[in-house]
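The block underneath contains the structure these notes are about, expressed in structure tokens.
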Amino acid sequence: MDDLISQEEIRGIERKLKEAYRDEELYWQQKSRKFWLRVGDKNTKFFQASTRQRRVRNRIIGLFDDDNVWNESASGMENIATKYFEDLFRNSEAQGVTEMLQEINPLISDAMNRDLIREISEAEVRKALFAMHPEKTPGPDGMTALFFQRFWSSLKGDLVALVREFFRSGSFDPRLNETNICLIPKVDRPQRMAEFRPISLCNAVMVKLGFDRKWISWIMWCVSSVSYQVLLNGQPRGFIKPQRGLRQGDPLSPYLFILCTEVLIANIKKAEREKKVTGITIARDIPTISHLLFADSLFFCKAEATECKTVMEIIRNYGKASGQEVNLETSSIMFGKKVPPEIRNQLKSVIGISKEGGMGSYLGIPESLQGSKTKVFGYVKDRLDDRVNGWNAKLLSKAGKEIMIKSVALALPTHVMSCYKLPQELTSKLTSAISTFRWKSNDRARGLHWVAWEKLCKDKCEGGLGFRALEQFNDAMLAKQYWRLFQHPTSLMARVLKGRYFSNKHPLMAKKPYNPSFAWRSIFSTKGLVEHGARWAVGSGNSISVWRDPWIPDIRPRPANGQGRLWLPSLMVNHLIDPATKDWHLPTLEEYLDPEDIPIIRSMAVSKVQQPDRLVWHFSKSGKYTVKSGYRLARELMTDVEYGPTCLALRAQAWKLDVPPKVQHFFWQIASGTLPVLERLAYRGVRCDTLCKRCESAPETINHALFECPRSRDVWGLSPVLLALDGFPFASIYANLDFIFWRAASQSGEPDVAPRLSWILWSLWKDRNKKVFQGLEAEPMEIILQANNDKILWEEAKSFAVNYSPSMPLLEDRGVFPRCQIDGSWKGSDTLQGLWWWCCSDEDSTLLLGARSQRRGPTSLHAELQALIWAIESLIAAGVDCQSFETDCAELVAMVQMPDDWPDHSRAQRTGRLPCPLFKTFII
């Protein structure tokens, strides 16, 4: 190294080098389309390998033309693809539209239409833009939404003006709607027929449903002004101006397709009413099912020629009106077990479908669940093996592997786990495959499993890595289905299951029936989990037993505790409420209930209007079941309490350090005793000499390598902390971590000393590895300087990451005046809570304000809601027309905008009579 170069110059050169690395990494990350993994960990090789793999997989080497002639030239493939889509999107004469629309009734009210065609605000444009993924679906110019999000402050004027001009004139420059069709080979050659839907019915359906013609013209312009080029191996080719067709990727297309499908549904229902088609039923008092329309359509009828003809006639008439056609070659037919072979052949001839036995799977789930469930769901293991074996473990750091496991591997079986309970044998195999990928360092070795998977599945705050335990996650997913049975009792699934398994009972009162389906057996297996988390929210209190039902919001929901022998078995919660004041009757509470329960009960709001009692989920703020909270509860129910001293606090603190994720993993390895020093390797059965390679005077333990080795002590002697014989560094690795995490700042008097020591420790480990694997050593001062440089560059990288990932900016013009700011003050140890609001004019002059204390509610969110309700009531009483409310509580805003998602607070909202129109301009 040139001694004439200063440290600042060296740092500047390193900064430029890291910027070049970062730009290269960003480039390949965008090319790889790996959106689950962030940049910043030098994952360039991984992104390059992913890009090459994707290009090989998607490369089109040739196409067959209409005459079945193979063509591999670029111009030939361009002509074939262009002609294919021109034919696909060529307009066809719609027939029988009027007859098909006879069963469609207007559903759109004048109020809905007024809301649809009102003036567009800047907030709506901003919300739509930032709802788009920043790096997906680039346009023909290569620009993604990221550009417009990053420079929103500069571009918003032009963007908002463009949108408003479209809503005024009903058109925009067609160049804005130029689109690329990307051909993805799914079999031997690209086949994209199923991904494009005709639109012949769109206009007529929207008119029939009652949409305003102005709004219809906007939608049709967006759909009809599109033009295409076909992407062949990444290059746009040809030009197509379609006359019909909904395209995949267009956010409007799914909704328009649903509107068109309403025509088909209406005609099927008409045939049912006229007894021409009979749907299937599995029990008494449940609805018959004649059709299920999702990604693939299912139709059900009796095994009779007349009913089959009726169904096919409706489908053909719908096809003539809409332009859609049924592909009979790829369709299949299924019969009941009792249908004889001669009837099957007759019906296949009537329908025109020869393939029998189903499609094998429907919406990714096997159609047949007969036999061993491990074999039935074995495809999940096969898919996971394909994913895991296709990943190059050497190209990712431990932090990268963590993200890949959480985002990809553990998410792969999510869909099937939301429907069925996977066998324990299968979940064990899945866990083993994921665990092996976590620990292996190359594609050949299995790797050394330092920590049991069960411990890795603990939350990071509990010293683990936060991986999912598949069995408990499976239960949490299925518990959501159980919860939906009584939260949405009118849904088709709830009505079918109720009629079959718990007729005239609440779902939680259901008993395990004889010979249930595997689906119900899977859902029913989570009944215990749901019971542990369900709590009765008091409405009228008429249906809640004080002593038997869980209605007390304690750590876990439970019934009330009584005192002494004063216990009435038939006591209901409504007996504890004063009917005159609509509040808790304190003398009754004091007479029958445990004194410790009385403050909890009095913190619960009592409805001022008559409302039914309802079940809410205790372990979420909203009262709505979430898979996340259900999983946490399932883990708690399975976890044994640990006694005695542990290192959990040290492991948990590793994830709170202000260092890159890979350095956090390094500290977690130290605290968990899994850092691969020679002594630990020998302890795990690896044959090696445990003598330290740097000093050759003592076994290389974790503490020796990082603190006690003479070379390490020389480095610590140059650090910001003082060394002492009876102090740091200590003989215990845990004492040294404790010192770095919590005590070094007070000893040195420097508040940022902990991050600096963390970087020194990381540099020491890298220097140790260079000595062991390359025979190289750095001087102690060089290690200190490298640690300081790494820390500075990390701070710069964080600031770049904040600027690179745009977040939705706040509205600069808050617009509506007067406005009211509200807040609530809550502390669990206090008996009272504080409420505050301030209403001001556009000059920020006070119009009205209020502040008061009242009996504490169950949570801080209740205090925020009570402050809002009090402010609204006070402003209405004073005659102030306030249209804008401001709060620092995002959960309160979500509650007001989506009240159905917050059932635990519905009583307070209805009691406070929150007028929804006031919140059209609700601003945080």
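Observations
- Remark: pairs (first residue in the stretch 648-664, crowded, with 18+ Cβ neighbours inside 10 Å; second residue assigned to a loop (DSSP other than H, G, I, E, B) and small (Gly, Ala, Ser); Cβ separation under 6 Å; 6+ apart in sequence or on different chains) = Arg651/Gly463; Ala652/Gly463.
- Residue within the stretch 397-405 that is surrounded by fewer than 18 Cβ atoms within 10 Å (Cβ to Cβ), free of Cβ contacts under 8 Å to residues at least 60 places away in the same chain and not β-branched (Val, Ile, Thr) present: no
- Applying the condition of being within 39 Å of the chain's Cα centre (by Cα) and polar (S, T, N, Q) to the stretch 309-332 and asking which residue is surrounded by the fewest Cβ atoms within 10 Å (Cβ to Cβ) yields Asn327.
- Beta carbons closer than 7 Å, at least 6 apart along the sequence or on distinct chains, pair a first residue in the stretch 706-730 that is more than 18 Å from Trp742 (Cβ to Cβ) with a second that is among the charged types (D, E, K, R) and part of a loop (DSSP other than H, G, I, E, B) for Cys709/Arg694; Arg711/Arg694.
Residue-wise test of (1) part of a loop (DSSP other than H, G, I, E, B); (2) open to solvent by 20 Å² or more (accessible area, probe 1.4 Å); (3) modelled with pLDDT under 60; (4) farther than 30 Å from Tyr318 by Cα.
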position	(1), (2), (3), (4)
Arg168	no, yes, no, yes
Phe172	yes, yes, no, yes
Ile181	no, no, no, no
Gln191	yes, yes, yes, no
Val205	no, no, no, no
Lys208	no, yes, no, no
Phe211	yes, yes, no, no
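- Cβ-Cβ under 8 Å pairs, at least 6 apart or on other chains, the stretch 120-140 side among the small types (Gly, Ala, Ser), far side surrounded by fewer than 15 Cβ atoms within 10 Å (Cβ to Cβ): Ala123/Leu811
- Flag for Met638 being modelled with pLDDT under 90, buried (at least 16 other Cβ atoms within 10 Å of the Cβ) and either hydrophobic (A, V, I, L, M, F, W, C) or within 30 Å of Pro559 (Cβ to Cβ) (or both): no
- Residue match in the stretch 381-400 (condition: within 25 Å of Thr626 (Cα to Cα) and part of a helix (DSSP H, G or I)): no
- Number of the condition not met by Gly685 [criteria: (1) assigned to a helix (DSSP H, G or I); (2) surrounded by fewer than 17 Cβ atoms within 10 Å (Cβ to Cβ); (3) of a type outside the set (A, V, I, L, M, F, W, C)]: (1)
- Identity of the residue in the stretch 813-860, hydroxyl-bearing (Ser, Thr, Tyr) and under 37 Å from the mean Cα position of the chain (by Cα), that ends up farthest from Ala871 (Cα to Cα): Ser829
- Residue identified as of a type in the set (D, E, K, R), closer than 21 Å to Ser622 by Cα and touching a Gly at 6+ places or on another chain (Cβ under 9 Å) among Arg484, Arg535, Arg558: Arg535
- Members of the stretch 803-833 that are modelled with pLDDT of 65 or more, open to solvent by less than 70 Å² (accessible area, probe 1.4 Å), of a type in the set (Gly, Ala, Ser) and assigned to a loop (DSSP other than H, G, I, E, B): Gly828
- Restricting the first member to the stretch 322-341 and to residues that are more than 26 Å from Leu259 (Cα to Cα), and the second to residues that are surrounded by fewer than 14 Cβ atoms within 10 Å (Cβ to Cβ), the beta-carbon pairs closer than 6 Å and six or more apart or on different chains are Ile333/Glu356.
- Listed by position, the helices (runs of 4 or more DSSP H) contained in the stretch 108-156 that have at least 3 residues being among the hydrophobic types (A, V, I, L, M, F, W, C), modelled with pLDDT of 85 or more and more than 18 Å from Leu176 (Cβ to Cβ) are 110-116.
- The listed residue being out of contact with any Phe, Trp or Tyr (no Cβ under 7 Å at 6 or more places or on another chain), surrounded by fewer than 19 Cβ atoms within 10 Å (Cβ to Cβ) and touching a residue at least 60 places away in the same chain (Cβ under 8 Å), out of Gly378, Gly466, Gly371: Gly466
- Whichever residue in the stretch 655-676 is assigned to a loop (DSSP other than H, G, I, E, B) and not aliphatic (A, V, I, L, M) and, among such residues, is farthest from the chain's Cα centre (by Cα): Pro676
- The lone exception for Asp888 - which of (1) in a loop (DSSP other than H, G, I, E, B); (2) without any contact (Cβ under 8 Å) to a residue 12 or more places away in the chain; (3) acidic (Asp, Glu) it fails: (2)
- Among the residues of the stretch 696-719, those identified as under 18 Å from Glu782 (Cβ atoms) and open to solvent by 10 Å² or more (accessible area, probe 1.4 Å) are Pro710, Arg711, Arg713, Asp714, Gly717, Leu718, Ser719.
- Whether a residue is in a loop (DSSP other than H, G, I, E, B) and buried (at least 19 other Cβ atoms within 10 Å of the Cβ) was assessed, and Lys458 passes this test.
- The sole residue among Glu99, Glu86 that is open to solvent by 60 Å² or more (accessible area, probe 1.4 Å), at pLDDT below 70 and assigned to a helix (DSSP H, G or I) is Glu86.
- Selection within the stretch 108-148 - among the polar types (S, T, N, Q) and touching a helix residue (DSSP H, G or I) at 6+ places or on another chain (Cβ under 9 Å): Asn113, Ser121, Thr137, Thr144
The values are calculated or read from the model by the stated rules, or taken from the named source; none is laboratory data. Here the structure is a predicted model, which means the values were calculated and not measured. Neighbour counts run over all protein chains shown; Cβ positions are idealised from the backbone, glycine included. Just so you know, the surface numbers come from the protein's heavy atoms only, side chains and all, with ligands and any DNA or RNA stripped out. Shrake-Rupley method; radii C 1.70, N 1.55, O 1.52, S 1.80 Å.
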